[in-house]
Each structure stands twice: as structure tokens, then as C-alpha cells.
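J.: Quick one: the structure is below, questions incoming.
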Amino acid sequence: MFVRIDDGAEPGKGEHAIHIAILIVAGLLISWPVLLHGFPPLSNDGPNHAVWSNNYARQLWSGDWYPRWLSNMNDGLGSPDFFYYPPLHAFVSALFWPLVAARDPYGYLISGLSAALATLLSGLTAYVWIRSLTTARAAVIGAVVYMVVPYHAAIDLYNRGAAAEYWLFVWLPLVMLYAQRIVESVPYSSVWLAVTYALCAYSHGTVAAVFAVVPLAYVVLFSKPGSRIRQIFLAGAGIAGGIGLAAVYLLPASMDRYKAFVADQTVGWGDYRNWWLFQIRNSVTEAGTIGAGFPWYLSYKMRVAVITVWMAGFCIAAWFIIRSRTNSRRTRSHAAFYTGLTVVCFFLNLESSDFIWRMTPVLQLIQIAHRLDTMISMSAAVLAAMVWANLGRERARGGIALLSICVLGWFAADMVAARQGYARWRHIPPERAASSRIRDEKQMEYSILWPIDAPASQLAAPADFDRFVLLHPPKTAAFTGGASGEVQVGSNWRPRHFELSVRSPASGHIIVNHFYYQGWTAVRKDTGVSIPLTHTRDGLMDLAVPQGDYTVAIDLPRDLPERAGAYISLLSVFFCGALALWDFMLPRAASRSSVTSAPERSAAIPE
């Protein structure tokens, strides 16, 4: 379907199989720690993703097709995590749960298997994408670079434990591939753009929102004047369709933000102004070294600064090599586009770009400026492939040296970072080990997504949380304020429904030791009359019950954003079907604009 930029015959099935085998081996080398030992428990967010995946899997396999309220989180106090958090990593983790549940009580193994799968798939999707721009052999080099670049593995997987963003790497190449195919007038490309962009949103919604401008910019810059308006429309429709397909997640996540501490994540620690690239010594940096045994010059922010400069420098050097080795206009224009993307993302990591951040609210949602390194990583992969494809038979020493030093150095950085992610390979202070044990046993998460009425700041420390649950045994209920009466929790407790058998000689209050979340309702089953339900100062449920003997049904029904999101996603399926039909019926030129002329294909320096 595609014409290669460089000389070389299309590889046969056997050679493709060898390429795929190479990528699988490379992916296994990068991800073997998570395959053997599970998701890195000493990474920033690793414990969170483990407990989320564990609870998500248990509810999914119990019949909850889209778990949002995780009933057993926080030792049974519950949490609204997946009203807000993208579900794809947890869903993939849940698929492994029946295989390892007996030996994975806390979710680290299933999260590790999900991350390992994301590593392998990211290499394969990068290979498919880069093959459309250069030779298959060069695409292998580019795909290996994509897997091994240190922001991908060292930072996102082993340092940050950013499982959601890690899955985003799987879909970025496919989004760019289908943007490219729109320019090439390939049927159904806009529909596939919608599907892959929706998968980006289900992986990491905020970074996906910022990334949307990249495929649109590609179509604007690379489409031909005679078909530019139509192709821009198709690309825009594809992105809009992807947003619609992901609305079942995106709408509650955006409209219900006031119900949890989500909105607080862009202030304080999560303020983008704390994460400028060369802002090394500050409170954020020093906090990141506490208990880790690192001096400030080996802190997380210093590692990010070195890695970002290294990747950006590689991209710029690769661009100079490509310009000197080929006369192909198509190769040069693509190299310029991805080098330009690198420069823009690097600039947005600098404090001097603050005026852009202030004018672009959606950019502020990513919190951490170096999340833009996802796009630098993508650029490094395609530029590495183009360097390899245009080295010539003599294999210019400068290009070989650049690729070899970077790939080997990046792999070493990945393994050093992996060593820091596991207690078996580094010393952990006893107090941190004790806190980690409490978090695992209590299935306690960081309080970033707790209900807004919960005392998050008072219970952030595991020891304080442990004392709290001893005083408030989860999923139990009792009369309060000296009122007499009996209350029994029914045995049919489900994530968004449970019942209380009440015997109350007079009006009173019942405290249910489960987190209150705006939207819970309480109804007498015998009369259908609502019972006032609010929260205590500890964020637990407080029911004002009347006199009598009756059963109370307590539910968390789907609210308007949940229902609307589901309908929009369903309608978007029909929209994508109509888009596919319209796209297919459009008249097309006999020869597509993607076809490169024979003179251009041979314009590279001959081997």
C-alpha cells in the first residue's frame, strides 16, 4: 500500500517474522523485571496502580462491566477512582487476574503483566508506523529505540510507575499512522484515527488532549492544496469521533471533578510551574530524595533533565545526519516535522514558555511539563529509523556511533532505573517498608482521588489511616449520638448497592463506615420514601433515620454525566460508521498523493 522512501525490496513473510521476533526479544529484555517481580512497588505511583488493578479486576470478574466505585479500596471504605482515572491499564491487568489471582493478593503481578504487554505492543505499533515512512529493516531500529528511550521505560515505568501514560505509548504511533493515511487518501483512515485516539484517551486523557494537535498539524502541513480542506475535515472528524468514543470515561471525569480532590491536582505539587526542566534544586526535588538515599544531584528531576536533553540532542543530531545523507523531499520533510515537534516540546519544558502555559488551560492539566517527553520519544524513534535507512552501504561512522551510544546508554539507564524500583535490589528504610506494608494490606491508595468530603490530609499517612480504620471498622453501621436501636448490614453488599435492616424505637442517626460520595441515595424499601443521607466530619455516611422497623436500600445510581457519556459513546459508534461510509464514497484520484515518484525514491545517496 505504501511506497518506501528508500531503496530496498519489500521484505518477505520470513523477514517480517524475524523483525517481530527481534522486537519481542527487545521488549522482554526491557520489561523482564516487571514480568518476574510485578509492577515496581518503589516507583512513585506503583502501589496505587497495583491496588487499583487488584480491586478493578475483582469487581470486573464479579460482573461489574465498568467498575467505577471500588468498594473494597482503603480496607473497605471505598473510593470513586474510576469515575476519574482512565481505565485501560486496569482493564488489561484484569484480564490476567484469573491466571495469577492465587499468588497476587495485592495486584502487583497483574499490573506488571499489563505493563510488559504494553512494552511489546508499543514496539510493534511503532514498527508498523515507521515502516510506512522508511524501510522495514530501519523500522526495526526505530521500534527498538521507541521501546528503549529512557523516558519510556526508565522514567514512566520504573521511576514513576505511570501505568496509564505507559499504555499511551502503544497508541501514539497508530494515531500518527492514520493521520498519515488520511493524507494518502486511504479509505477508512479517519475511522481508525477515531478508534486509536479513543484508546489514547482511555489510556491517559490529559496527555491525549494535548497530543491531539500533533496529528492535526501533520495533516495541515502534509496534505496537498487541492485536497487539504477535505483531509483536515477528516482528521478533525476522526479526533472528534475518538473523543466521542471515549465519552463514557471523559464526561464523568471532567464534569464530576468537584466530587473528589481531582481539581487539586493542578495546584501545589501538581502545579506545572514546579516542573521546569532546569529547576533542579527546590522543595519538589528535595522531597523526592527523602528516604531514597539519593543526593540532590541524582534526584528524579535531575534524571529527567539529563534524559530530556539527551533525547532532544539525539533528535537534532539525527536531523543533521538525515539532511546530509538524502535528497528525498519526503524524508527531509518528515524529519523536519518530528525534529520541530521535539524542539516545541523541549521549549515547553522551559520556564521561558510559561506565557504559553498560562494561555493554554488544557496544557496545564498535564501537571508535569516533562510529560511532553512522550512526543520527544516518538520523534526519536522515527528519526533513528531514518538515520539508519540513509546511512548507505559504508554505514557512516557518525551515524553508527550516535545510534550505538544512545541505544546502549538508554538501555543501561532503563536497567539502573529498574534496580531502584524493587526492595530486593536496594536498601529501604524500615519506616518506609512498614508504611508500604500497611498500604498493601489495607489496599490503601494515595488520597488524590478520595471523595471531597473525606479527611484526606489527616489520613494520608498509612499509620494514621490504620488507626482510623481500627476506630471505624469498614462496612459496618451503628446508631450514634446515644440513640438506641439496632442496625444490621445486609449480606448482599455490592459496589454500588447495599442494604441495612433497621429497628429504631425513635428517630436517630446511623453512621455507615463507608466513604460518602455525592450521589449516594437512601430509600426505605417498604414505602419508597427517601431518607436524608449526608456525611460526617470523617467523610463517612450519615443517615437520619425515622422510627420503625424497615430495610433501607443505599445506592449509587448513575448520574447525568455517566448516562450522557454512555449515550455519546454509543452515538459516536454510529457517527464513525457514517464517517466510514462517507469517506469510502468520496471520489479519489487515480493515483494517491502518498505515492512517491521513482526519481524521489532513488534520491537518497545510493548504497
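The values are calculated or read from the model by the stated rules, or taken from the named source; none is laboratory data. Note that the coordinates shown come from a computational prediction; the quantities given were computed from them, not determined experimentally. Heads up, the Cβs are rebuilt from the backbone with ideal geometry, glycines too, and the neighbour counts pull from every protein chain shown.
Okay, residues lined up against (1) outside the structural domain of GLY244 (by TED's automatic domain parsing); (2) crowded, with 24+ Cβ neighbours inside 10 Å; (3) not hydrophobic (A, V, I, L, M, F, W, C):
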residue: ILE110; (1), (2), (3): yes, yes, no
residue: TYR127; (1), (2), (3): yes, yes, yes
residue: VAL144; (1), (2), (3): yes, yes, no
residue: PRO187; (1), (2), (3): no, no, yes
residue: TRP192; (1), (2), (3): no, no, no
residue: HIS204; (1), (2), (3): no, yes, yes
residue: LEU221; (1), (2), (3): no, no, no
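J.: Quick test of your reading of the structure: CYS406 fulfils all but one of (1) surrounded by 15 or more Cβ atoms within 10 Å (Cβ to Cβ); (2) under 26 Å from GLY205 (Cα atoms). Name the failing condition by number.
T.: The failed condition is (2).
J.: Can you name every residue in the range 417-451 that is closer than 20 Å to LEU298 by Cα and either buried (at least 19 other Cβ atoms within 10 Å of the Cβ) or of a type outside the set (D, E, K, R) (or both)?
T.: If the condition is that a residue be closer than 20 Å to LEU298 by Cα and either buried (at least 19 other Cβ atoms within 10 Å of the Cβ) or of a type outside the set (D, E, K, R) (or both), then ALA417, ALA418, GLN420, GLY421, TYR422, ALA423, TRP425, HIS427, ILE428, PRO429 are the ones that fit.
J.: May I pose another question? For the range 546-560, enumerate the residues that are crowded, with 18+ Cβ neighbours inside 10 Å and not in a strand (DSSP E or B).
T.: Matches in the range 546-560: LEU556 only.
J.: Restricting to the range 359-384, give me the number of residues that are buried (at least 24 other Cβ atoms within 10 Å of the Cβ), touching a Gly at 6+ places or on another chain (Cβ under 8 Å) and farther than 10 Å from VAL145 by Cα.
T.: The qualifying residues number 0.
J.: Quick one: in the range 377-405, which of the residues that are modelled with pLDDT of 90 or more and not aliphatic (A, V, I, L, M) is farthest from PHE211 (Cα to Cα)?
T.: Per the stated criteria, the residue is TRP388.
J.: So for the range 37-46 (the condition being surrounded by fewer than 20 Cβ atoms within 10 Å (Cβ to Cβ), out of contact with any Pro (no Cβ under 6 Å at 6 or more places or on another chain), assigned to a helix (DSSP H, G or I) and not assigned by TED's automatic domain parsing to the domain that holds ARG257), does at least one residue qualify?
T.: Checking the range 37-46: at least one residue is surrounded by fewer than 20 Cβ atoms within 10 Å (Cβ to Cβ), out of contact with any Pro (no Cβ under 6 Å at 6 or more places or on another chain), assigned to a helix (DSSP H, G or I) and not assigned by TED's automatic domain parsing to the domain that holds ARG257.
J.: Only residues that are touching a helix residue (DSSP H, G or I) at 6+ places or on another chain (Cβ under 9 Å) and not β-branched (Val, Ile, Thr): list them for the range 469-493, please.
T.: PRO473, PRO474, LYS475
J.: Could you tell me which residue of the range 48-71 is surrounded by the fewest Cβ atoms within 10 Å (Cβ to Cβ), considering only residues that are in contact with an Asp or Glu (Cβ under 7 Å, 6 or more places away or on another chain) and over 16 Å from LEU95 (Cβ atoms)?
T.: We begin by selecting, within the range 48-71, every residue in contact with an Asp or Glu (Cβ under 7 Å, 6 or more places away or on another chain); these are 48, 51-52, 70.
Next, from what is left, pick out any that are over 16 Å from LEU95 (Cβ atoms): 48, 51, 70.
Numbers: ASN48: 23, VAL51: 27, LEU70: 26.
Here the residue is ASN48.
J.: Right, next: Looking at the structure I just gave you, is TYR178 more than 16 Å from the chain's Cα centre (by Cα) and at positive phi? Write out each step before concluding.
T.: Working: more than 16 Å from the chain's Cα centre (by Cα): yes; at positive phi: no.
So TYR178 fails the test.
J.: I've got another one for you. May I ask you to say which residue of ARG467, ARG439, ARG432, ARG419 is modelled with pLDDT under 90 and in a helix (DSSP H, G or I)?
T.: Working: ARG467 fails: modelled with pLDDT under 90; ARG439 fails: modelled with pLDDT under 90; ARG419 fails: modelled with pLDDT under 90.
Just one listed residue meets the conditions, ARG432.
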